[in-house]
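Below you'll find the structure, written out as structure tokens, and then a few comments.
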Amino acid sequence: MNEEKYLNIFMESFDVDADTAKTLKYQDIPAWDSVGHMSLIAALEDNFDIMMETDDIIDFNSYEKGKELLSKNYGIEF
């Protein structure tokens, strides 16, 4: 359930398909720039009802790293 929600947030935020979303890294595509990054973080915070720490927002540099951070620091299971 959370995996699907997470994937959908990436797909909607960056207008990419599922396969592309799963391999994304920060600045891989023009949409994932600093503004896109903050939009992604806002969408994640809204959908998972969390408030991310600044260090985690900075460290969030890929699809996989994001899952790791959300799981480890916010108790979201994937």
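Some values worked out for this structure:
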quantity: ³J(HN,Hα), Karplus 6.51/-1.76/1.60, whole Hz, each residue of the stretch 7-15, x for Gly, Pro; calculated: 4, 4, 4, 4, 4, 6, 5, 10, 6
quantity: Computed E for Asp28/Ile50 - FRET, C-beta separation, R0 22 angstrom, nearest 0.05; calculated: 0.35
quantity: Equivalent-ellipsoid semi-axes of the chain, from the Cα gyration tensor, Å, largest first; calculated: 17, 14, 11
quantity: The stretch 5-60: GluC sites (Glu not before Pro) in DSSP coil with no more than 14 other Cβ atoms inside 10 Å; calculated: Glu53
quantity: Under 17 Å from the Cα of Lys5 - lysines, other chains or at least 8 residues apart; calculated: Lys22, Lys65, Lys67
quantity: Cα centre as origin, Lys/Arg/Asp/Glu Cβ charges: the chain dipole, Debye; calculated: 140
quantity: The chain: relative contact order in percent, alpha carbon pairs under 8 Å with at least 6 residues between; calculated: 33
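Bear in mind that the values in this text are calculations on the coordinates, not laboratory data. Source: prediction; values computed, not measured. As a convention, Cβ positions derive from the backbone with ideal geometry for all residues, glycine included, and neighbour counts pool all protein chains shown.
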